[in-house]
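The values are calculated or read from the model by the stated rules, or taken from the named source; none is laboratory data. Since the model is a prediction, treat every value here as computed from it, not as a measurement. Cβ placement follows ideal geometry from the backbone for every residue including glycine, while neighbour counts extend to all protein chains displayed.
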Amino acid sequence: MLIWDAHTHFSGVTGDTPEERIGNLLRFADRMGVERICLSMGLNWSHDPAPDELRKSNDEVLRALKHFPDRVFGFVYLSPKHVETSLAELDRCVRDDPMVGVKLWVAQRCNAPELDPIVRRAVELKAIILQHTYVKTTGNLPGESTPTDLAELARRHPDATFLCGHTGGNVELGVRAIRDCKNIYADLCGSDPRSGMTELAVRELGAERVLYGSDAGGRSFASQLAKVYGAEISESAKKKILGENLKRLLMPILKEKGVKV
């Protein structure tokens, strides 16, 4: 099956440079038959990155893309606390360089109005938006978004395409929060594999709105692939989740950039 991973990072991977880490990450991907990965954020992360930290992080991802242009898609790391910098980074990394998506993490909850100009520019560039979401029993970080927050943003921007990162960690709550927003897709990565979670996502959203992601190197490719391979769903549904859905979502911007896949 075609396997495209919607959600990976440098974290948890050995190496002192972006080139070393992406090489090691792809060695692990090769063992599991993962053809392409979506990479975001740099070697070191900040919950609330300053403008220069955003640029440095994106520079490191760009170095990885140049090292393996046929294996890695880049998502530009942005922060709604720095709107002008984020818009400039969108142009620098997506319009003028090979990145194809946006990564938003925990600096500010995604239902904030500061997200609106970033989303509008991403739509203009045909970039998809990966928003980290979680519902933590111990309590979220101050700026950490939930799937409900993302649903609020998605309703304001029905022409944008969003990936609900981790589907909130709690799939039972997450899929129900995003179910009525047809422009949000469930990214299953990051949580422990649990019996029935993928079946639930497919039942509530349809296989067309569910994506495989690993969160590697923070998680293994194998444990996250098990969520799909072990699910009691059809082979056609597995094919959609493992790669066909992500490929379809990326095709508009890949065609715009003249990238053949």
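Scanning the range 136-151 for residues that are assigned to a loop (DSSP other than H, G, I, E, B) and either closer than 13 Å to G169 by Cβ or without any contact (Cβ under 8 Å) to a residue 40 or more places away in the chain (or both) returns K136, T137, T138, G139, N140, L141, P142, E144, S145, T146.
Considering every residue within the range 201-217, establish whether at least one is touching a Leu at 6+ places or on another chain (Cβ under 7 Å) and either basic (K, R) or assigned to a helix (DSSP H, G or I) (or both). Yes, because at least one residue in the range 201-217 is touching a Leu at 6+ places or on another chain (Cβ under 7 Å) and either basic (K, R) or assigned to a helix (DSSP H, G or I) (or both). Restricting K238, K257 to those that are within 12 Å of L2 (Cα to Cα) and over 17 Å from the mean Cα position of the chain (by Cα) reduces the list to K238. For the range 27-48, taking the residues that are within 18 Å of the chain's Cα centre (by Cα), part of a loop (DSSP other than H, G, I, E, B) and in contact (Cβ under 8 Å) with a residue 24 or more places away in the chain, the one that is surrounded by the fewest Cβ atoms within 10 Å (Cβ to Cβ) is identified as H47.
Within the range 197-224, the set of residues being in contact (Cβ under 8 Å) with a residue 12 or more places away in the chain and either polar (S, T, N, Q) or over 23 Å from I128 (Cα atoms) (or both) comprises M197, T198, E199, L200, S214, S220, A222, S223, Q224. Output the residues belonging to the range 80-112 that are in a strand (DSSP E or B) and either touching a helix residue (DSSP H, G or I) at 6+ places or on another chain (Cβ under 7 Å) or not small (G, A, S) (or both). Scanning the range 80-112 gives V102, K103, L104.
Filtered by the rule that a residue be in a helix (DSSP H, G or I) and either free of Cβ contacts under 8 Å to residues at least 60 places away in the same chain or in contact with a His (Cβ under 9 Å, 6 or more places away or on another chain) (or both), the range 225-261 gives A226, K227, V228, Y229, E235, S236, A237, K240, I241, R248, M251, K255. Take V83 and decide whether it is in contact (Cβ under 8 Å) with a residue 12 or more places away in the chain and over 18 Å from A216 (Cα atoms). Yes; evaluated as a whole, the condition is true for this residue. For the range 162-200, a residue qualifies if it is farther than 20 Å from K239 by Cβ, in contact with a helix residue (DSSP H, G or I) (Cβ under 6 Å, 6 or more places away or on another chain) and part of a loop (DSSP other than H, G, I, E, B), and the qualifying residues are R179, C181, N183. Within the range 89-100, residues that are under 14 Å from D52 (Cα atoms) sit with their Cβ atoms under 7 Å from residues that are not in a loop (DSSP other than H, G, I, E, B), at 6+ positions apart or across chains, in these pairs: E89/L54; E89/R55; E89/N58; E89/V76; E89/L78.
Checked against the criterion of being in a loop (DSSP other than H, G, I, E, B), charged (D, E, K, R) and modelled with pLDDT of 95 or more, the candidates D52, D70, D59 yield just one match: D70. Of the candidates V83, V72, V106, V13, the single residue that is farther than 26 Å from I184 by Cα and surrounded by fewer than 24 Cβ atoms within 10 Å (Cβ to Cβ) is V13.
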